[in-house]
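S.K.: Structure in structure tokens, see below.
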Amino acid sequence: MHKKVEDLIAEDMIYSLPSWAHDKDTLTKILKAHPNIQFVSVVAVDLGGNDTDEKIPISLILEDIEEFLSVGVQTDGSSVMLKGIASLNNAKIDLIPDLEANWIVDYNYDHTYEENGLPIGTLRMPAFIEHNEKRVDSRSILKRTVDYFTTEVKELLNKYPQALEELNVPSADDIEEIVLTTATELEFWVKTPEDYADEEKLSTSQMLKEQYWKRTKGNVRTAMEETIMLMEKYGFVPEMGHKEVGGVTARIGITGKLNHVMEQLEIDWKYSTALQCADNELFIRELVEEVFESHGLEVTFLAKPIEGVAGSGKHTHLGASLKLKNGKYINLFAPKDMKSGYLNAIGWGGLMGLLKNYEVVNPFVTSTNDAFNRLKPGFEAPICIVGSVGHSPQIPSRNRTVLVGLVRDINNPLATRFELRAPNPTTNVYLCVAAAYQTMLDGIKAAVTSKMDCKKLEMEFSKEAGKEKFYLEKDRAYRSEEDVFDDYTEEERNQHFGKPPATVWENLKAFESYPNKKEILFHGEAFSETIVESYKLSILDKWVKELAGRIIVDNMELVRNCKKLHGADNVTDLDVVNWEKINGMRNYLMKDSLERKSLFTQIREAIAVKNYDLVSNLQLEMSEKITKLKQLYSVYRRNLLEEVNGYYDHDRM
């Protein structure tokens, strides 16, 4: 311990402070040895996934560091997403530092400390939000889930020795702790500022697979390398950075540097505990933005920044292990014999619990209009509640069309885990992971208490729609080793796996449609009715405000930019017919008359009276009509001999 403190004190720049350094004396020594660390930021995460960031002078903290570490700071909670909890007449909240989390030092490389020339640092402390003596933030929910999951699994292993036998553990007394291991894969787009996306070029490049895994160049390469190097200094253990499928080749400008950059990237790093995984991703996102921006590049973490091109995902890996008292780790889901089985009973239970109850997980996974734009057939984004484990134990699952895939390495049982493929960069990782583990635990309890062996549980998971089983729902199927999009029609998908929600409102309605499943979230007091209602109100408010104030406004601009381009010369009857179709659709979307209200007006009026079922249906119609309008306009423009400035031919990203 003493040596570690000396090491931190001796380093010119420190990048993180582990939990053992969070006591008063150790922390004081380290901060005084690094005077360029001038600020503290107590980082709590509200229900919307927004993190707080305030600059508190270190000098103020050092005056009474012991009190600060125990009670944190008080602030106004009306500005964070805690609807129905922190109201205007009861808005005060406490931000309490998490002493068990890893703390990060965030450096401002544009601002140096005069005495030593080092960049000014801010010590970021992950924290909890407390309101009326109750913790109501995203981090607290995930922490309660982890505590509940580990406690319940320990009790199951104590009570049902057959589960211990499958794990090759002689006694529950040999278990020191249960560790939830989680990881995310972060995809994002980068581009040159003020450049716009050309849908046709991007779509063609994607179909030709011209960008996937290609070599990064210029400032994109530099920014990627710098990001990965900084991640190593922070101890995130980066594993890979590479190009994703989206993008077009940049061009060299007159300065000799690349411009017109428009490409999709992915960065991966090592798994960690569930709470630390979410904390890490929160900081890495900001690191990515700042590094790429320092190289003149814009970064977007939108799920679907460009229509017609692959969106950005954030595949989330969910695992669990036993740590024995002798230091050995055992995967909680892996079978005794990796060559003859996919999973053990606990693993089958976890997979079935997640899929059976996914309707109440989904609102935490997909919560924005942008996210639903990504979940469409044809882009490897999962839309059906279905899983894959592989065609045989010797052949791992390679099915990218399912919601949940089993990841396994026949030579490494510790690698066994589930990959949830629906999350996107805007997903609140804390709530998504918490809801996933809560529902997994429900299935684990059912599987273990049934005392069924692995083969019978595999048959349960592989059931056909209409077959009665002990846990999974009769009318649904849950396994597909086939391509969900190519091998099933839309009608067949809906019949086998259930009809997926298509809007934010349809997704949120699951909380009311599946009360028994929602109740699972409350087990162990991880979530509560108040928290779920607050989350629902916040997401609903964001949905309608974005729809009225941004999506309709952007679509109005699109409609106006679809202008008549042909004149009297070189015009054919086809041009006239094409324009009449376009103009008719423009009027339907946007133009009111005495007899009829436009689609845009109908949506606004439905929002005003809170008829959200109607709003949802009209939004789907608007999306369909806008897509059709763009297609028609592209065909119309393609037939003209002369180019005309001012027409619509790009998406803003």
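The values are calculated or read from the model by the stated rules, or taken from the named source; none is laboratory data. All values reported here derive from a predicted model rather than from experimental measurement. Cβ sites come from the backbone with ideal geometry, for glycine too, and all protein chains shown count toward neighbours.
S.K.: Here are some residues: 357, 411. Which one is polar (S, T, N, Q) and either touching a His at 6+ places or on another chain (Cβ under 6 Å) or closer than 24 Å to residue 149 by Cβ (or both)?
M.R.: Result: 357 is the single residue among 357, 411 that is polar (S, T, N, Q) and either touching a His at 6+ places or on another chain (Cβ under 6 Å) or closer than 24 Å to residue 149 by Cβ (or both).
S.K.: Suppose we filter the range 132-165 for residues that are farther than 26 Å from residue 57 by Cα, charged (D, E, K, R) and part of a helix (DSSP H, G or I); how many remain?
M.R.: 8
S.K.: Here is a further query. Kindly establish whether residue 183 is touching a residue at least 60 places away in the same chain (Cβ under 8 Å) and not assigned by TED's automatic domain parsing to the domain that holds residue 423.
M.R.: In short, no.
Per-residue answers, yes or no, for (1) in contact with a Lys or Arg (Cβ under 7 Å, 6 or more places away or on another chain); (2) at pLDDT below 95; (3) in the same structural domain as residue 354 (by TED's automatic domain parsing); (4) surrounded by fewer than 19 Cβ atoms within 10 Å (Cβ to Cβ):
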position: 495; (1), (2), (3), (4): no, yes, yes, yes
position: 507; (1), (2), (3), (4): no, no, yes, no
position: 523; (1), (2), (3), (4): no, no, yes, yes
position: 549; (1), (2), (3), (4): no, no, no, yes
position: 568; (1), (2), (3), (4): no, yes, no, yes
position: 581; (1), (2), (3), (4): no, no, no, yes
position: 590; (1), (2), (3), (4): no, no, no, yes
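This table checks each residue for (1) surrounded by 21 or more Cβ atoms within 10 Å (Cβ to Cβ); (2) farther than 28 Å from residue 285 by Cα.
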| residue | (1), (2) |
| --- | --- |
| 413 | no, yes |
| 438 | yes, no |
| 447 | yes, yes |
| 451 | no, yes |
| 469 | no, yes |
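S.K.: Return the residue satisfying two criteria in turn: it lies in the range 214-228 and is within 16 Å of residue 188 (Cα to Cα) and surrounded by fewer than 15 Cβ atoms within 10 Å (Cβ to Cβ), and of such residues it is modelled with the lowest pLDDT.
M.R.: 214
S.K.: Within the range 57-91, track down each residue that is of a type in the set (D, E, K, R) and surrounded by 13 or more Cβ atoms within 10 Å (Cβ to Cβ).
M.R.: Scanning the range 57-91 gives a single hit, 83.
S.K.: May I pose another question? Exactly one condition in (1) under 23 Å from residue 398 (Cβ atoms); (2) at pLDDT 95 or above is not met by residue 485; state its number.
M.R.: The number of the failed condition is (2).
S.K.: Which one of these is under 30 Å from residue 179 (Cα atoms) and modelled with pLDDT under 95: 88, 95, 123, 156?
M.R.: Criteria check complete, one pass: 95.
S.K.: Does the range 292-313 contain any residue that is out of contact with any helix residue (DSSP H, G or I) (no Cβ under 7 Å at 6 or more places or on another chain) and part of a helix (DSSP H, G or I)?
M.R.: Yes, some residue in the range 292-313 is out of contact with any helix residue (DSSP H, G or I) (no Cβ under 7 Å at 6 or more places or on another chain) and part of a helix (DSSP H, G or I).
S.K.: Could you tell me whether any residue of the range 336-345 is closer than 16 Å to residue 315 by Cβ and surrounded by fewer than 22 Cβ atoms within 10 Å (Cβ to Cβ)?
M.R.: no
S.K.: Restricting attention to the range 270-284, and to residues there that are among the charged types (D, E, K, R) and buried (at least 19 other Cβ atoms within 10 Å of the Cβ), which single residue is nearest to residue 98 (Cα to Cα)?
M.R.: Taking the candidates together, the pick is 279.
S.K.: Examine the range 571-585 for a residue that is in a loop (DSSP other than H, G, I, E, B) and closer than 19 Å to residue 628 by Cβ, and state whether such a residue exists.
M.R.: no
S.K.: Sticking with this structure for a sec: Quick check: anything in the range 451-462 touching a His at 6+ places or on another chain (Cβ under 7 Å), on the phi < 0 side of the Ramachandran plot and among the charged types (D, E, K, R)?
M.R.: no
S.K.: Checking the condition surrounded by fewer than 19 Cβ atoms within 10 Å (Cβ to Cβ) and hydroxyl-bearing (Ser, Thr, Tyr), which residue from 397, 388, 392, 367 passes?
M.R.: Just a single option satisfies the conditions, and that option is 392.
S.K.: Which count do you get for residues in the range 17-67 that are part of a helix (DSSP H, G or I) and out of contact with any Asp or Glu (no Cβ under 7 Å at 6 or more places or on another chain)?
M.R.: Matching residues across the range 17-67 total 20.
S.K.: Output the residues belonging to the range 300-319 that are farther than 26 Å from residue 143 by Cα and crowded, with 19+ Cβ neighbours inside 10 Å.
M.R.: 302, 303, 304, 305, 306, 309, 310, 311, 312
S.K.: Let me ask another. Tally time: how many residues in the range 358-400 are of a type in the set (A, V, I, L, M), modelled with pLDDT of 90 or more and out of contact with any helix residue (DSSP H, G or I) (no Cβ under 7 Å at 6 or more places or on another chain)?
M.R.: Count: 2.
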